[in-house]
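The values are calculated or read from the model by the stated rules, or taken from the named source; none is laboratory data. Just so you know, these numbers come straight off a predicted model, no measurement behind them. A quick note on method: Cβ atoms are made from the backbone with ideal geometry, for glycine too, and the neighbour counts reach across all protein chains shown. SASA here: full protein model, heavy atoms, side chains in, ligands and nucleic acids out. Shrake-Rupley method; radii C 1.70, N 1.55, O 1.52, S 1.80 Å.
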Amino acid sequence: MFWYLIAIIASGLFLKILLKTSLLQIVKKWWRFLEDGCYVYQFYRVPQFNHNMQENQLYRKICTYLNSLPCVEDSDFTNLISGDKSNEISLVLDSNQIVVDKFLSARVFWINEKDEFTGLKSLVMKIRKKDKRRILQPYLQYIHSVFDEIEQRKKEVRLFVNVDNEPQRNGRWRSVPFTHPATFDTVVMDTDLKNKVKSDLESFQKSKQYYHRLGKVWKRSYLLYGPSGTGKSTFIAGIANLLNYDVYDVDLSKVTDDSDLKMLLLQTTTKSLIVIEDLDSYLGTKSTSPSLSGILNFMDGIFSCCGEERIMIYTINNKDQIDPTVLRPGRIDVHIHFPLCNFNSFKILANSHLGLKDHKLFPQVEEIFQTGAALSPAEIGEIMISNRSSPTRALKTVISALQINTESRAATRHARRLSESGSVRTAEETGDSGIFCKENLREFKKLYGLLRVRSCRKDSSYDFEASDKDNSRHDN
Ligand SMILES: Nc1ncnc2c1ncn2[C@@H]1O[C@H](COP(=O)(O)OP(=O)(O)OP(=O)(O)O)[C@@H](O)[C@H]1O
Ligand SMILES: [Mg+2]
């Protein structure tokens, strides 16, 4: 019994020492060393320079790949170097450091060698002879694709806009760095829908072979539709930042004819988002430059040449007024609806803009939403930003805005009924928008803090700039 107790205590102590110290690691290392000694290996050298002393691109790609491996982070010794971006720190292999990678359950050893006399560097790959046939080709291809991905992530995203067609200009696109801060996370929309779009985009990126096998242009088209201020343009920025794709924002009013539109498409590069905002407003006009068939051909992307990988995005406010041929499957692959705010999206906005997860005024807000009141996320977000120093005031202002919205809708409905009976003109007929007819517009601007009423003037002369006083009060 006594010896039993001693044995249990001793094995407990042994386990504790094993787990608390590096003993286990040392045992593992020795075991690996013994195991490796029992196999025959094949070696491949990848020198940094070729015979003409030109840089070997494969060496650069493998270096980038190896430095990105998590095992480099876990290795006993490695170098820390500042990266291209200001706050970036990269891990870089030390001379003669050995990295062990795993691919298709085979172990691949990489040795970072440096010649003592010439100072020339090379990477030496060591794999078991029995694994060579099975993994060598796919492994090198895998390194290429990981390298491309890393390069894509590092790339600076640019925003291109088409300029007027002037003969002396070289090319039609002008670009600036794309710095929009929107991300997929900051766009308020249904979570399931957001995830679906995200996985659709990611699967598109990996589908080159699939599209080519079908003989189709490797592109995908999205239609974002919904009222103004619901986040369509912001979502496009989120996609660009997610994929690190350049954005080509096509201004159709600067396109002279169909061949000009073809030219623009030909001058776009791969891995890009090609965006036409407010497509409905172009299709609605009688203008013939570019023509409907020119736009349809552009949408089909038949002019895109080699190396496509383009995402086309169109935004419109109302789908009902669009010719169905424009929206047919193949021409538009995914339709995404951007609705006005409901109570759920309001809560997300309250959380992100005011840091509120719950509030005693929430039930009142919910009740008004249930009566059918609807404002855009832009409108609600703006009220919250203007009143961010006092969340309660922000919510009260949102409630007032929603109430005005409900009354305004009821008034519009009433006017429409009267108009149908022939006695009164509707808000649309008088030029006022449905939600903000003139009287309500004034009250609504007040809620935003956009309106400065000057006592010496009459109601008609409002200054639509935000007052400095208001701004300084809200800036905290
Ligand atoms: N769903 C949303 N999520 C986050 N922010 C939003 C959302 N909708 C609107 N916003 C905010 O409102 C502002 C306007 O949004 P945006 O320009 O994306 O709307 P839009 O749908 O493109 O409008 P329009 O049809 O008039 O072009 C932006 O500053 C954005 O931050
Ligand atoms: Mg927009």
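Sequence-ordered 3J(HN,Hα) estimates for the range 260-270 from the Karplus curve with 6.51, -1.76 and 1.60 and θ = phi - 60° stand at 5, 5, 4, 4, 4, 5, 5, 8, 8, 9, 6 Hz, glycine and proline given as x. Coupling constants for the range 382-392 follow from the phi torsions by the Karplus curve (6.51 cos²θ - 1.76 cosθ + 1.60, θ = phi - 60°), and in residue order they are 5, 4, 5, 5, 5, 10, 5, 6, 9, x, 5 Hz; glycine and proline get x. In order along the range 46-62, phi translates into HN-Hα couplings of 10, x, 5, 10, 8, 4, 8, 6, 8, 5, 7, 4, 5, 4, 4, 5, 5 Hz, rounded to whole numbers, per the Karplus curve 6.51 cos²θ - 1.76 cosθ + 1.60 with θ = phi - 60° and x for Gly and Pro. What the Cβ-Cβ distance of ASN50 and GLN403 gives, at R0 = 51 Å and to the nearest 0.05, is a FRET efficiency of 0.10. Extension gain, GLU156-MET1: 0.36 nm per intervening residue step, less the Cα-Cα distance, totals 48.6 nm.
The listed peptides 388-395, 53-60, 341-348, ordered by packing as a protection proxy, come out as 341-348, 388-395, 53-60 (highest mean of other Cβ atoms within 10 Å first).
Remark: spin-label model distance GLU73-ALA106 equals 2.7 nm, labels positioned 7 Å along the Cα→Cβ axis. Taking 20 Å as the cut-off for C-alpha to C-alpha distance, list the pairs among LYS206/LYS262; LYS102/LYS132; LYS155/LYS196; LYS254/LYS319; LYS154/LYS262; LYS61/LYS216 that go past it. With Cα atoms farther than 20 Å apart: LYS206/LYS262; LYS155/LYS196; LYS254/LYS319; LYS154/LYS262; LYS61/LYS216. Here the peptides 376-385, 100-109 are ranked by packing, the mean other Cβ count within 10 Å, and the order with the highest first is 376-385, 100-109. Per residue, the range 114-263 exposes 56 Å² of solvent-accessible protein surface, assessed with a 1.4 angstrom probe and all protein chains in place.
Can you give the translational diffusion coefficient of the range 11-154 in µm²/s, computed by Stokes-Einstein from the Kirkwood radius over Cα pairs at 10 °C and 1.306 mPa s? The estimated diffusion coefficient comes to 92 µm²/s.
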